[in-house]
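Asker: Right, I'll just put the structure down here and ask away after.
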Amino acid sequence: MSKIPAASHADDAATGIAGLDDILGGGLKRDRVYLFEGSPGTGKTTAALSFLIAGAAAGERVLYVTLSETETELRDTAASHGWTLEGVEIFELAPPENLLDETQQQSLLYSSDLELGETTRMILDAVERSRPSRVVIDSLSEIRLLAQGSLRYRRQVLSLKHYFATHGATVVLLDDLTAEVADKTVHSVAHGVVRLEELAPEYGAERRRVRVTKYRGRKFRGGFHDFTIKTGGLQVYPRLVSSEHRTRFDRTPIPSGIAGLDDLLGGGLERGTACLVLGPAGTGKSLLGLQFSLAAIRRGEKAAVFVFDEELGLLFERAKAYGFDLAALQESGDLLIEQVDAAEMSPGEFTARVRQCVGRSGARTVVIDSLNGYQASMPQEHYLLLHIHELLQFLNRQGATTFLTVAQHGLVGEMKSPVDVTYLADTVLLLRYFEAMGQVRRAISVVKKRAGMHERTIREYEIDRRGISLGEPLTQFQGVLRGVPDFVGDRNGLLNGPAE
């Protein structure tokens, strides 16, 4: 459970965005002024509409004061999310009628003083008429332009703050950050500041993230949190803090269903641990993860598989050749399998999907195939290990057994991994090609296992229509892991043995 005591703030004004309320520790403290800032296109208007719609649904009177968009544009935005804005009053503050008439504009006395006062009066009149408990003012850029100075702008914002404080309204001010100079005036005045950002990676869809930079008297979840704009509003994915999630479970060994592999692992893998499967392309890393998933399903559990590198249709056909009917298992609900497009999904959204499979669907075996694809989904690769660390710690504390695959560069000889996460995994399975007797063969070994004892041997394995089968330890070879071993015995130790 979250360490942020959201239950103690039950009277907060919910934003209508579950993830944002979680970050804020429950929502917005009532009768205060807040600032939502971000460049155009970051989702401020959508977030503001969600805030008002949530209030209207709770029976509150709400008001949207727009200085930058027309009512028609706001309703079009709402319609794109399936909203009707029923119960939301919109006050469109139009510019003076003579603003575009050059003959009517003052030349010697600039009219900003008159326009600022008139704008403020019209806003207050609308509030007096509606008596709302929630107000959105969109946006501060127009007020800043009319003020034409930091001092007058600050005074105007302070006046609005004190006015709303006496009228019992929770106010959200929107700022599109279009000023030439970064103005932090409202930051010091507002009770809380929420910043929305949009990033443009060199390839793939845009990334959006939100950060609470200030919230007086409230513990909130700091740092950046990924979010997306989808039909229905903003989907915010709070940053995962694994220490906040603990579940009691027994760390009993779970078998794979393959006798030789369980012997190699010392009886199986302990529940609530992470297993890293390393090896070059084609060694059967994905099939190994599927084998553990099917073993979990046979025990009456659910399994979740996230595929980054392979199209699901091809994976289903390939697995069917080994006797695995993944489509039937998916249809029954026992197997939760999803193809992840690394270029279209943020790390926060991926983490949220994994958490949903474990928390809501009850999956106890999770396969991430592969970390190479997961790495490609990161806009900044040097944070990859932190994301993986928190995700693995969360899964371990939920009693889920996790399998991660990493495709190494090369086929035989020296291997290189694009990302080194061996120290994060509790168990490391190493798969290798090696040449012997004029054939390319496969070898498997356990190079690390924190939770218990394991064999220190290297075994040959085969992949055929029966799936994966292991042979006896390769005691007659030296140098198997380097790809071209030295033969020191006879052929009886190999899986296909001597010809009869």
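Asker: Can you find a residue that is surrounded by 13 or more Cβ atoms within 10 Å (Cβ to Cβ), at pLDDT 85 or above and not in a loop (DSSP other than H, G, I, E, B) anywhere in segment 472-489?
Answerer: Checked segment 472-489: at least one residue is surrounded by 13 or more Cβ atoms within 10 Å (Cβ to Cβ), at pLDDT 85 or above and not in a loop (DSSP other than H, G, I, E, B).
Asker: While we're looking at this one, here's another question. Is at least one residue of segment 43-53 surrounded by fewer than 21 Cβ atoms within 10 Å (Cβ to Cβ) and either at pLDDT below 95 or aliphatic (A, V, I, L, M) (or both)?
Answerer: Looking through segment 43-53, none of the residues is surrounded by fewer than 21 Cβ atoms within 10 Å (Cβ to Cβ) and either at pLDDT below 95 or aliphatic (A, V, I, L, M) (or both).
Residues are listed down the side, and each one gets a yes or a no for (1) outside any strand (DSSP E or B); (2) farther than 27 Å from GLY223 by Cα; (3) at pLDDT below 85; (4) in contact with a Phe, Trp or Tyr (Cβ under 8 Å, 6 or more places away or on another chain):
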{"site": "VAL354", "(1), (2), (3), (4)": "yes, no, no, yes"}
{"site": "MET378", "(1), (2), (3), (4)": "yes, no, yes, no"}
{"site": "LEU384", "(1), (2), (3), (4)": "yes, no, yes, yes"}
{"site": "GLU414", "(1), (2), (3), (4)": "yes, yes, yes, no"}
{"site": "VAL421", "(1), (2), (3), (4)": "yes, no, yes, no"}
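Asker: From the residues in segment 324-337 that are within 14 Å of ALA295 (Cα to Cα) and touching a residue at least 24 places away in the same chain (Cβ under 8 Å), which one is farthest from the chain's Cα centre (by Cα)?
Answerer: Restricting to residues being within 14 Å of ALA295 (Cα to Cα) and touching a residue at least 24 places away in the same chain (Cβ under 8 Å), the top hit is PHE324.
Asker: Can you name the residue in segment 78-111 that is modelled with pLDDT of 55 or more and polar (S, T, N, Q) and is also surrounded by the fewest Cβ atoms within 10 Å (Cβ to Cβ) among such residues?
Answerer: THR84
Asker: I would also like to ask the following. Enumerate the pairs (first residue in segment 141-155 and in contact (Cβ under 8 Å) with a residue 60 or more places away in the chain and assigned by TED's automatic domain parsing to the domain that holds GLY117; second residue anywhere and crowded, with 16+ Cβ neighbours inside 10 Å and part of a helix (DSSP H, G or I)) with beta-carbon separation below 9 Å, excluding pairs fewer than 6 apart on the same chain, so at least 6 apart or on different chains.
Answerer: Pairs found: GLU142/THR119; ILE143/LEU116; ILE143/THR119; ILE143/THR120; ILE143/TYR153; ILE143/GLN156; ILE143/VAL157; ILE143/LEU160.
Asker: Hey, another quick one. Condition test on GLY223, is it assigned to a loop (DSSP other than H, G, I, E, B) and touching a Ser or Thr at 6+ places or on another chain (Cβ under 9 Å)?
Answerer: So GLY223 does not fit the description; no.
Asker: Give all pairs with beta carbons closer than 6 Å in which a residue from segment 301-323 that is free of Cβ contacts under 8 Å to residues at least 12 places away in the same chain and outside the structural domain of LEU335 (by TED's automatic domain parsing) meets a residue that is crowded, with 19+ Cβ neighbours inside 10 Å and part of a strand (DSSP E or B); count only pairs at least 6 apart in sequence or on separate chains.
Answerer: Nothing qualifies.
Asker: Among the residues that make up segment 247-255, is at least one of them over 28 Å from the mean Cα position of the chain (by Cα) and either at positive phi or in a helix (DSSP H, G or I) (or both)?
Answerer: No, segment 247-255 contains no residue that is over 28 Å from the mean Cα position of the chain (by Cα) and either at positive phi or in a helix (DSSP H, G or I) (or both).
The values are calculated or read from the model by the stated rules, or taken from the named source; none is laboratory data. Keep in mind that what you see is a predicted model, and the values were worked out from it rather than measured. Please note: Cβ atoms are built from the backbone with ideal geometry, for glycine as well, and neighbour counts cover all protein chains shown.
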